[in-house]
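Structure first, commentary second.
No value in this document is a laboratory result; all are computed from the given coordinates. What you are looking at is a predicted structure, and each value in this text was computed from that prediction instead of being measured. Cβ: placed from backbone, ideal geometry, glycine included. Neighbour counts: every protein chain shown.
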Amino acid sequence: MGDYYTQLQDQLTSSMNSTNSAMQGILIWTIVASILAIVGSILIYFLFIKSKTDFKGSLKTLKDYLSGDMIHIEALAKLFYYAALIYVILTSINSLIMIGVAGSNAGSCILDFFEKLLLGPIIVRFIFEIIMMFIRIWKNTDKMADKK
């Protein structure tokens, strides 16, 4: 009996040491990554964005993108909308898979499936419309400010 507890304690100690080493490695990498991010962003800002050099071609496009002159939020919103729509539709199938699992009622699972299949895309579209409304308001106020 004593041998079992000694063995269990040794395994626990070994596991804790391994976890401790992993956490130390994660902490060190987090510090290194933070320092690299700060130094890199300072270098990009002063050597590339603030530079008075007239860039051409893809370097100009990259400079415009990094400086915020090119805004892609509308395209990203559409991309996230499509992804969310597909996700909601595909995850509604989970309700059908749950039929017969852990005592689930088949009728409630089927009702849940149709509820998610019909209401999910409507809710996703509603949220997308609100986001697009704010984007379009921002674009219109930006155009009005440019006219002045």
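Details
- Report summary: the helix-based calculation at 222 nm, which adds -39500 (n - 2.57) for every DSSP H run with n ≥ 4 and divides by the residues of the chain, gives -28500 deg cm²/dmol.
- Helix runs (DSSP H) in the chain reaching 27 Å along axis by Cα, Kyte-Doolittle at least 1.0: none
- Of the peptides 27-36, 72-81, the ranking by mean beta-carbon count within 10 Å, highest at the top, reads 72-81, 27-36.
- Cα-based Rg / Dmax (Å) for the chain: 27.0, 86
- Proximal charge balance of L118 [Cβ under 15 Å; K/R count +1, D/E count -1]: 0
- Counting neighbouring beta carbons within 10 Å and listing from fewest to most, the residues L90, L85 come out as L90, L85.
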